[in-house]
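Here's the structure we're looking at; comments come further down.
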Amino acid sequence: MALEDYRNDMMRCVRCSSCKFIPLGSIVKSWQFAYGCPASKQMNFHSYSGSGKLIAALSWLDGRIGVTPELLDVVYRCSLCGLCDVSCRMGTDMEVYEILHQLRKKLVAEGHGPMPAHKPVIESVRNYDNVWVQPRNRRGRWAKGLSVKDLSKGKEKAEVLYFVGCTYSYASDLMHIPRLTAELFTRAGVDFGILGARELCCASPVYMVGQQDLYEEYAKKNIAMFNELGVKKVVTSCAGCYGVFRSKYPLLGEDMDFEVVHAEEYLAELIGSGALVPKNKVDLSVTFHDPCHTGRMAEIRAPSGGGEECHLGCLPVKNVEKVLGFDGSYDAPREILAAIPQMKFSEMERIREYSFCCGSGGGAKSAFPDFALSAASDRVEEAMSTGAEALVTNCPWCEKNFADAVRETGAPIRVVDTIELLAQSL
Amino acid sequence: MPLSKDVYRVFEDIVGEKNISDADVILDAYTFNWLVEFHPGCAPGKYLQNRPLAVILPGSAGEVQAIVRACNRYGVKYKPSSTAYGSHAFSLQEDVLHIDLKRMNRIIDIDAKNGFAVVEPYVPWCQLNAEAMKVGLFGTAHQAGSQASALANVTSGWGMNTMGNHGGHNAKNALGVEWVLPDGEMIRLGPPDAWFTGDGPGPSLRGVMRGHVGALGGNGVYTKCAVKLHHWPGPSTIKTAPGGVFSGYKLAEPLERARVYMVDTPDYETLADLMYALGDAEVCYAIMRVGGPEHAFAILAGAISNQTLVDWHEAGMVEAAANEWNHPLIALLYAESDREFAYQEKVFHQVVEECGASIPVAVQVSPFKDLLEEEFAIFLIGNDTHWAHHGGGFLISAGYMGTTDSVIRHMGYPAEKLKMRYVERKGILADGPDSTYHNSFEHNAYIYKELEFHYDAANAYSVEECRRLVAEERDTNREQKDGFECQDIGLCLGDARMTIQERFAELGPLYGDFHIWQERMKRAFDPNDVADRSTYGIGTAARNLKV
Amino acid sequence: MKSAKSKNLEGDLAAIVGAEFVSSEPGETAAYGADRSYVPRKNPDAVVRPQTREQVRAVVRWANRTRTPLVPVSSAPPRFRGDTVPAAGGVVVDLSGMNKVLRVDRRNRVMVAEAGATFEDLAPLAEAAGLRMVGPLLPKAGKSILASVLEREPGIAPRYQWDVSDPLCCMEVVFGNGEFFRTGEAAGPGGLEAQWKIGGAQKFPCGPHQLDYHRLVQGAQGTMGVATWASIKCELLPSVSSLFFLCHDELAPLVSYAYKAVKRNVGEELFLANGKALAMMAAADADQAARFAHGFPSWVLVHVINGFERLPEERVAYQTADAADLAQDCGLALKKRVDGLGSASFLKRLRTPGAKPYWKHAAKGASQEIFFVTTMDRAHQYLPIVFNEASRAGYPASDIGVYLQPMVQGSSCHMEFVLPFDPEDERDAERVREVFFSVSRALLAAGAFFSRPYPAWAADVYRARSDAVIPLRRVKSVFDPNGVMNPGKLCF
Ligand SMILES: Cc1cc2nc3c(=O)[nH]c(=O)nc-3n(C[C@H](O)[C@H](O)[C@H](O)COP(=O)(O)OP(=O)(O)OC[C@H]3O[C@@H](n4cnc5c(N)ncnc54)[C@H](O)[C@@H]3O)c2cc1C
Ligand code: SF4
Ligand code: SF4
């Protein structure tokens, strides 16, 4: 599959600009929060929208433009959040996300990409199996003092693998999240274990910037390892891991003998079954941010590879089922928050499959921190507009980026993880 | 000739370095658009032959004025755009500075009492209506979709819109306007310090601002416009829930005192009678058509996927509907009070019965019943129409504006017969003969209709067939010589044989030599000839016109 | 005594229209040399009365050749606004003889009338077809329909007015350069008959193509060209009508009601008037006007709810109930009577165009009027300005009639002050003259928008609007390159 395979879709872009906004005019609820594409919100030239990137891709394929710093800026100043894909596909069969990703892949394959800021991350994965240039043996440090099974040695077995991910493993300001999660699992009697130092990067970050070879290498290693462990479920706290496990790994064609579950889906089930009962009141008004990668980007988007047939005269019909992001993991965090006594919950305007990206994905945070910050600030403003005291989410990347935005803007709002609130109420 | 460094710097000084670019990757996004494939010389691609010299992003009316003045000073041609949907948004000329108004995106004010909003160019209808509904008002979003600019449509584009039966044509919905004239002078239409009217003192310069069609960027830049809004009997926000069959969403709660009907008529004469009678009765918020059953299904399926349309055909659904319905019409009833709604319902049914129309069985059962009850309002309100691009585009022929009788006589033979020939040749989507889209305005005081045909933009044969179809349709029309405001004179498209300028020159004498009058006006208002000509009058050819 | 120049003129024009339709008799030309405005007298050199559109064009062409000013006039006297007084002399083109109603089209709810056709001419024809033109508030007798729409006189039912140009649809104009042109949908192909034959009815006003010619002829006071006929949007003739009065001492609650009713399409005819103005409208003579004015409340809103072809009674009933709810929301009530004035008789009055005497003269025999466009919620700001200014000049504020007509679906309104005076009383007339100018100036200074700047106001209005003057002159140069059309008006 290659960028060239999607030439027809590029030709079919009508430049309607729907991909700049959340889908369907009737869903827009205000002037302020109508945009769906953080790149279009920040950058005003059309080229930065999903459509603009399609045009850029076609121009490059056609030899109308060369690879220039401006092209790389257009391609990578984008969180690959997939909103443009959802909005476009509400009315078309076009595969916008796939084209954006193929464009990155081709740039990398031909030696033009990714951005300089991405190279250390890629090297870090290659050399240390994580994105944070940290030694492998410190990966399990977050679990120090917890009594959890270590499945990495093959001695202990469990039904569930709790896959923590690079960021929760190494970021000292976020480590409490996996700890709390593990504690809650233990409390609910879940039979789970971790991989400790043997855990590898999920490779979502390298996938996102277009480093396909490395992604495939790690994805296959992970699949093999999970199969080998014999676990029924792979539970992850990180939205990035969850998204790539759930939506991208299956496309590699390998057998996957396990189910991918987000920790919050698991916890919501435990609450539903009565295994966990939130009792303590948490007197807080909150709103929830759907991360792209637990949401629309967690849905399997089988790429057509350009395969299509002509029916009814000249109707191009694709050989894949079209998805619109409805199948993300949207309900679990809401169910958890609803179960916490006294918590007041209100929705933002842009939610679920048309959630507004925090801006940090797709390598944007490292390559274009100003872009990431501008998107996060926009989202923080939206959270504030609901009157919430806390912006809740369940992705380490979003949390970090929101925290930066709150620090930068001085917005009077806390950024918290769903797990923290749940833990408080138990 | 590219901009000299010095002149580039002049523009850069106006907007700042970040807001101007002449990088190829940026320029190509202002070269590629829907319908470019129908400009002779561009097909089968979608790129215009000329890139702009640069794209500039002014942030205020003052900056726009400075840009236009500089264009006059240095002899640089310019073309403005708002949301820029369609080839009309770009210049066909060489060496043109493109002014993208995206940074001018504010709603300056909504005057809820007097019923209008003052907007900048890059406020799409979806943003405007989201705010307008909060104060009980609604704007007449045009069919290009709610992501397209309100100001561009009202001041510069066309103006046909779904809610026109109640809200009128958008050529009539402009109030006060702030306008940077082609020579860089700035004026206000209407009073200098208020927006409630754009007419006077004395003759209304709205007449120069636009006509049936807007100046399409050939007449300076409109930097703010008061858009008249209309009363909205609905809720302050539309609550949607996932789950609709067609759009993926449905109304979370039904709209009170609202109902969408699809009624069928056995022939075009009855259709006309029905439209007149509904117009007289004034009971419909919207009256529109999306063609016969095959076309209606194609549009609905487009909201799901192209595969769906094939499935529906294979399941016999489309054929069954085609056997039952002939020429359907869609009507939205929407009332402010229960009493009004009861009256509307009663009269509506009376009219339908008297005219010999009927409500097809198919729309009285699922899924179409649910569509009408739970989803159609989302389509109407959201006005999300990009799903009409099954293969990346549709084109129109036989577009007319006028009385119902004069327009309806252009439905059916010969336009439909011609279309079916192309369907047989597999150049366009097989969606039946009647793919007529129509809106009524001012309680059916006049109507607009166009015959749509859907092509595959990525298929050179399909594009070529469309060009031939338009040419043939124009020939038929040329022989008939009986159109009213034939939409060709608004649609900036060439066909297989001629450029749009040539087409305008041909139509001019049939319509009062409008091309000559326009050229006279152009020369009076644009002494340095820098405002883009390619979509104004008969274009560059008019330079040689003896006026 | 006729001058040599007049004789030449007459000869030339007679060759075009026939001798019986030209006159340079001072007795006749004097009738056009002044009106009831304060524009100084200037008699035309001749009056020509073309009977056909071709004659109109020939006259305009002749005027271009001879550089003779032309002043088109369509309505019968008396005239009030100074716009037809030939500032530079020349020839008055009196179109009152071209007064045929060319077509009344029930199906398309439209009629076509020549320039001289009056509201009285049209009404019975329209009625016979089940239609009516929703014209201005109580037009004077002999008022040309075409002239009324060209002047952008607001119609009495604001909800029918989508655009300030309504109810004008299309028209034929002989532009100042002598070329024929048909505006809007009427532009072509073919002429009227050919278009009718294929179901056309000259309804869509815009275009052709990228200019709206009608907007440039409207409000131009004859400075762009001569319109020969116009098509006018009509509405269904009501089969049942019910008129209500809503009364209050303050304007505000009535304005609230007006906004709601217009926006929600409740009822049709709607305007607001002070007691004095309503008295003038309703009275048959000065005595009755005085009696009415004495008993009428400070402010009255007149609202008419109609039923048409389908379930007319039910329509009136539900709309009346809705109106009553709206009234209640605003602390008002719908009344069928206001001190001695019954709703049925006032409705009849409203529906009879051209009643004599002209209502604005009912109180004292003459009047001056000052009007501009504003919004209903701004209107109250102008009251003290006018009342104070009038009182200062010794004119009793209580004599001033005030009315507001919502326009363009309620987005703006026509606000008018009527200053009645006794034309026989020189002092009274002089005082009103003073008041007229001082009030006009005060209103202009307060930002009142004189969208139709008749000669008394034009200089002041355009002095403040240099931005509009240059583009307007460009338009003028396109349509009337030799400046023959009504020179000296507006900013030309
Ligand atoms: C699929 C589709 C369906 C459509 N259906 C309809 C329809 O039903 N009814 C209808 O009315 N139109 C329709 N249109 C055309 C549409 O009206 C125009 O596209 C429109 O005027 C506004 O949106 P836009 O994004 O195209 O504006 P733009 O392309 O930005 O503007 C439209 C034109 O106005 C000029 N312009 C824009 N902004 C300014 C400005 N501020 N000052 C001066 N000139 C300016 C541009 O140069 C361009 O020529 C349709 C278009 C498409 C693509
Ligand atoms: S990518 Fe899709 S949504 Fe965006 S402009 Fe193109 S067709 Fe429209
Ligand atoms: S992926 Fe997200 S940021 Fe990138 S273009 Fe699409 S919507 Fe914009």
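The values are calculated or read from the model by the stated rules, or taken from the named source; none is laboratory data. Computed from a predicted structure; not experimentally measured. So basically every Cβ, Gly included, is an ideal-geometry build from the backbone, and we count neighbours across all protein chains shown. The area values use the complete protein model at the heavy-atom level, side chains included, leaving out ligands, DNA and RNA. Shrake-Rupley method; radii C 1.70, N 1.55, O 1.52, S 1.80 Å.
Below is a table of values for the structure above.
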quantity: Scope the stretch A:1-20; condition of a type outside the set (A, V, I, L, M) and more than 9 Å from ligand 2 (Cβ to nearest atom); matching residues; calculated: A:GLU4, A:ASP5, A:TYR6, A:ARG7, A:ASN8
quantity: Of all residues making up the stretch A:23-43, the number that are more than 7 Å from every other protein chain (Cβ to nearest Cβ) and modelled with pLDDT of 95 or more; calculated: 11
quantity: Residues located in the stretch B:12-59, provided they are among the small types (Gly, Ala, Ser), touching a residue at least 12 places away in the same chain (Cβ under 8 Å) and over 20 Å from A:LEU58 (Cβ atoms); calculated: B:ALA54, B:GLY59
quantity: C:LEU216 away from chain B (no Cβ under 12 Å) and either over 30 Å from C:GLU185 (Cα atoms) or not in a strand (DSSP E or B) (or both); calculated: no
quantity: Residue within the stretch C:460-468 that is modelled with pLDDT under 95, more than 17 Å from C:GLY219 (Cα to Cα) and more than 9 Å from every other protein chain (Cβ to nearest Cβ) present; calculated: yes
quantity: Extreme residue, nearest to ligand 3 (Cβ to nearest atom), among residues of the stretch A:85-97 that are under 20 Å from the mean Cα position of the chain (by Cα) and open to solvent by 10 Å² or more (accessible area, probe 1.4 Å); calculated: A:CYS88
quantity: Within the stretch B:415-426, tally of residues that are in contact with a strand residue (DSSP E or B) (Cβ under 9 Å, 6 or more places away or on another chain) and on the phi < 0 side of the Ramachandran plot; calculated: 6
quantity: From the options B:GLY218, B:GLY234, residue that is open to solvent by 10 Å² or more (accessible area, probe 1.4 Å) and more than 7 Å from every other protein chain (Cβ to nearest Cβ); calculated: B:GLY234
quantity: Elements of type strands (runs of 3 or more DSSP E) contained in the stretch C:234-308, each with 3 or more residues being open to solvent by 10 Å² or more (accessible area, probe 1.4 Å); calculated: C:240-248
quantity: Residue count, the stretch A:290-315 (criterion: open to solvent by less than 10 Å² (accessible area, probe 1.4 Å) and at the interface with chain B (Cβ under 10 Å from one of its Cβ atoms)); calculated: 2
quantity: Whichever residue in the stretch A:203-230 is under 14 Å from A:ASP255 (Cβ atoms) and open to solvent by less than 10 Å² (accessible area, probe 1.4 Å) and, among such residues, is farthest from the chain's Cα centre (by Cα); calculated: A:PHE226
quantity: The one condition in (1) under 18 Å from A:VAL416 (Cα atoms); (2) assigned to a loop (DSSP other than H, G, I, E, B) that A:VAL323 fails to fulfil; calculated: (1)
quantity: Residues of the stretch B:403-420 satisfying the condition of being within 18 Å of B:ASN165 (Cα to Cα) and more than 16 Å from ligand 1 (Cβ to nearest atom); calculated: B:THR403, B:THR404, B:ASP405, B:SER406, B:ILE408
quantity: Answer residue from the stretch B:137-189, given it is at the interface with another protein chain (Cβ under 7 Å from one of its Cβ atoms) and at positive phi and is surrounded by the most Cβ atoms within 10 Å (Cβ to Cβ) among those; calculated: B:GLY145
quantity: Residue satisfying condition, being assigned to a helix (DSSP H, G or I), within 14 Å of ligand 3 (Cβ to nearest atom) and touching a Lys or Arg at 6+ places or on another chain (Cβ under 8 Å), within set A:SER360, A:SER374; calculated: A:SER374
quantity: Among (1) buried (at least 23 other Cβ atoms within 10 Å of the Cβ); (2) away from ligand 1 (no atom under 16 Å from the Cβ) - the single one A:GLU123 does not satisfy; calculated: (1)
quantity: Subset of the stretch C:354-408 (residues that are on the phi > 0 side of the Ramachandran plot and not aliphatic (A, V, I, L, M)); calculated: C:GLY354, C:GLY365, C:GLY394
quantity: Residues satisfying the stated conditions in the stretch C:312-331, i.e. touching a residue at least 60 places away in the same chain (Cβ under 8 Å) and surrounded by fewer than 20 Cβ atoms within 10 Å (Cβ to Cβ); calculated: C:PRO312, C:GLU313, C:THR320, C:ASP329, C:GLY331
quantity: Test set (1) in a loop (DSSP other than H, G, I, E, B); (2) open to solvent by less than 10 Å² (accessible area, probe 1.4 Å) - A:TRP31 fails condition number; calculated: (2)
quantity: Subset of the stretch A:318-356 (residues that are on the phi > 0 side of the Ramachandran plot and in contact with a Phe, Trp or Tyr (Cβ under 6 Å, 6 or more places away or on another chain)); calculated: A:ARG352
quantity: Among (1) in a helix (DSSP H, G or I); (2) hydrophobic (A, V, I, L, M, F, W, C); (3) over 14 Å from B:PHE368 (Cβ atoms); (4) in contact with a Ser or Thr (Cβ under 9 Å, 6 or more places away or on another chain) - the single one B:ILE299 does not satisfy; calculated: (3)
quantity: Pairs with Cβ under 6 Å, 6+ apart, first in the stretch C:138-151 and not assigned by TED's automatic domain parsing to the domain that holds C:ALA220, second basic (Lys, Arg); calculated: none
quantity: Residue in the stretch B:196-206 that is of a type in the set (Lys, Arg), crowded, with 24+ Cβ neighbours inside 10 Å, touching a Cys at 6+ places or on another chain (Cβ under 9 Å) and not assigned by TED's automatic domain parsing to the domain that holds B:TYR74 present; calculated: no
quantity: Within the stretch A:45-93, tally of residues that are within 16 Å of ligand 1 (Cβ to nearest atom), modelled with pLDDT of 95 or more and not in a helix (DSSP H, G or I); calculated: 2
quantity: Flag if B:GLU131 is open to solvent by 10 Å² or more (accessible area, probe 1.4 Å) and within 11 Å of chain A (Cβ to nearest Cβ); calculated: yes
quantity: From the options C:GLY200, C:GLY116, C:GLY190, residue that is within 14 Å of another protein chain (Cβ to nearest Cβ) and either buried (at least 22 other Cβ atoms within 10 Å of the Cβ) or not in a loop (DSSP other than H, G, I, E, B) (or both); calculated: C:GLY200
quantity: Single unsatisfied condition, A:PHE45 versus (1) open to solvent by less than 10 Å² (accessible area, probe 1.4 Å); (2) within 15 Å of ligand 2 (Cβ to nearest atom); calculated: (1)
quantity: Wholly enclosed strands (runs of 3 or more DSSP E) of the stretch A:200-302 bearing at least 2 residues assigned by TED's automatic domain parsing to the domain that holds A:ALA383 and not aromatic (Phe, Trp, Tyr); calculated: A:285-288
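Residue by residue, here is whether (1) under 22 Å from C:PRO139 (Cα atoms); (2) part of a helix (DSSP H, G or I) holds:
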residue: C:ALA379; (1), (2): no, yes
residue: C:PHE387; (1), (2): no, yes
residue: C:TYR395; (1), (2): no, no
residue: C:GLN405; (1), (2): yes, no
residue: C:CYS413; (1), (2): yes, no
residue: C:ASP428; (1), (2): no, yes
residue: C:GLU434; (1), (2): no, yes
residue: C:ASP467; (1), (2): no, yes
